[in-house]
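Notes to accompany the following structure.
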Amino acid sequence: MNIEDIRKELHMSDEIIALNAGSWGPLCQAARLSIRDGYSSESSSRGDDPDAMRDKGSGLARYSEVVAAAKKVLSRFIGSNPDEIALCDSTTTGMNIFMWGYDWKPGDEIIAGSLENPAAKVPLMILAKRRGVKLTYINQFEGTLEQLSEKISDKTRMVLLSDVNFATGGRVDLKEASRLAHEHDSLLLADGIQAVGTSFVDVKKLDVDGYALARHKFLCGPDGAGALYVSKDAMEVIEPTYSGVFSDAHHGSGELTYPDSAQRYEVSTRPLPVIQGGTAATEWIMDEISLPFIVKRTTMLYGALWDGLNDISKVDLVSARDQNSLLSFRVKGVDPKQMVDEFRKHYIFTRTVGALDPPVVRVAVGFWNRSSDVEKIIEVVTNL
C-alpha cells in the first residue's frame, strides 16, 4: 500500500498537515466500518424477544466472542498471551487498575519518571496522599537507569516508566529497568501509549509486570479501546479493586474465585463496537501496513525533520536524533503557544507540552505524513 492509498484509508485531507497523533491520531477506515457494523448488529440483536440476549451472536455470547477476538489480536501485537490482557477504556484506566491493585502500606515507595504524563502523575499523587506511599521521581533526560539503580531500595514496591516519553519521545531500556525492579522484589509498570504503533513492543522480552495502552493515537483506532497487560506473576499480587461481575469466576454465585486470567480486572460489559473498532485498527496496522514499514518510514521522516530544524540557529532541539515519532523543540524568542498558532495558520497541527520548563512545541510524526509535510514545518520556522 503506497502512502497516498494509506492517506485515503485514513481520510487525510490534502490541505491539513496532521502532526499531533501523540494526542489523537486519524481513525482508519477499517475501524470506522467495524464500529458502524458493530452498532448496526447491536441494534438489530436487541428486539422485543427477551430470549434474544441469550441467542448465539447476540448478548453475552456475542460479547464473549468480540472480547476474545480482541485479546487474541492484541496479544499477537504486544507479544503476550490473550489471558494476560484486560480490556479497559484508556491507558490511564489501565495504570490505575494496576497501581491501586497493590496492597500498599504506609512507608512503601513508588518510583516514577519525572516527565511522566499527568495521566500517570496525578493518580500517583493521590495514591501517595491516601495510602501514605512515598513518591520518588527520577530524571528522564539522562542517567535514568543510573538514578533508578541508586534510588531503588527494599521499600520500593513499584516502578512506573513510559516506554516512549510523551514530552520528549525519549525511551528508556525497560528490560534493564525491569531487571533492577525485580532485584528488589518490585513491580515494573509501563505506560505504553506512545510506543504502540510507533515501535516494536514485546512485553515478554521487556519482562514488564504491567503495560497499559490504548488505540486512539498511532494505532489509528477509536477512543475507549484501551487495554492492560498483567503478567501471570503480577496477577498474584495485583488485586481487583474497581471490580464487577467479571472479577469472579462464578459471577457471584458462590465463594469468590478470581478467574485465572486478567479478566479479573474487567468490571462489566463495555461498548462492543468500540472494542471491534480497536481490534480492526490493530489488525490493519499489523497486516495491511506492518510495523517494519511504520518504523522505517517514521525514522526517515523524523530524521529529516530533526536535521532540518537543527540547521536553524534559533531552534533548540529537546528530543534526541535517534528517535522516530515525537520531536520537541523551542524557537528562541518565540513562545511555544505562539509557534503552534503560527503553524495553525499554515494548517499544520501540533501542540505544546508544558511538562517541560520552559514549555516546548511537540511534533508527532506519523507514517501517513509526506516528506512535504516535514519541508513545510522547516519552512515556517525558518521564515519566522
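Rule-based calculations on the coordinates, nothing more; no lab input. These numbers were taken from a predicted model, which means no experiment stands behind them. All Cβ positions, even for glycine, are placed from backbone atoms using ideal geometry, and neighbour counts span all protein chains on display.
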Mean separation of Cα contacts under 8 Å (at least 6 apart) over the residue count of the chain, i.e. the relative contact order in percent, is 22 percent
Longer than 19 Å from Cα to Cα, which of Lys129/Lys155; Lys8/Lys337; Lys105/Lys129 are they? Say none if no pair is. Lys8/Lys337
Using only the Cα atoms of segment 262-321, build the gyration tensor, take square roots of its eigenvalues as a ≥ b ≥ c, and label the shape rounded, prolate or oblate: rounded if a/c is under 1.5, else prolate if a/b is larger than b/c, else oblate. prolate
Taking θ as phi - 60°, what are the ³J(HN,Hα) couplings along segment 271-280 by the Karplus curve (6.51, -1.76, 1.60), each to the nearest whole Hz, with x for Gly and Pro? x, 4, x, 5, 4, 4, x, x, 5, 4
Placing each pseudo-label 7 Å from Cα in the direction of the beta carbon, Asp5 and His251 end up separated by a distance in nanometres of 4.5 nm
Checked segment 263-366 against the a/c 1.5 cut and the a/b vs b/c comparison, axes a ≥ b ≥ c from its Cα gyration tensor; verdict prolate
Could you tell me how far the Cα centroid of segment 316-367 sits from the Cα centroid of segment 182-244, in Å? 27 Å
Got a sec? Charge dipole of the chain, +1 on Cβ for Lys and Arg, -1 for Asp and Glu; which of Val122, Ala225, Ser243 is way out at the positive end? Val122
Ranked output for segments 215-221, 298-304 by mean other Cβ atoms within 10 Å, highest leading, reads 215-221, 298-304
Can you give me the C-alpha center-to-center distance between segment 257-313 and segment 103-142, rounded to a whole angstrom? 26 Å
Restricting to the chain, what percent of DSSP beta bridges are antiparallel, rounded to 5? 50 percent
Per its Cα gyration tensor (rounded if a/c is under 1.5, else prolate when a/b beats b/c, else oblate), segment 32-287 is best filed as prolate
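Quick one: if the Förster radius is 22 Å, what FRET efficiency do Ile312 and Lys337 give, using the C-beta to C-beta distance and rounding to 0.05?
The value I calculate is 0.70.
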With springs only between Cα atoms under 10 Å apart, run a GNM on the chain and tell me which of Asp209, Asp185, Asp83 wobbles the most. Asp185
Hey, got the dipole for the chain? About the Cα centre, +1 on K and R Cβ, -1 on D and E Cβ, debye to the nearest 20? 700 debye
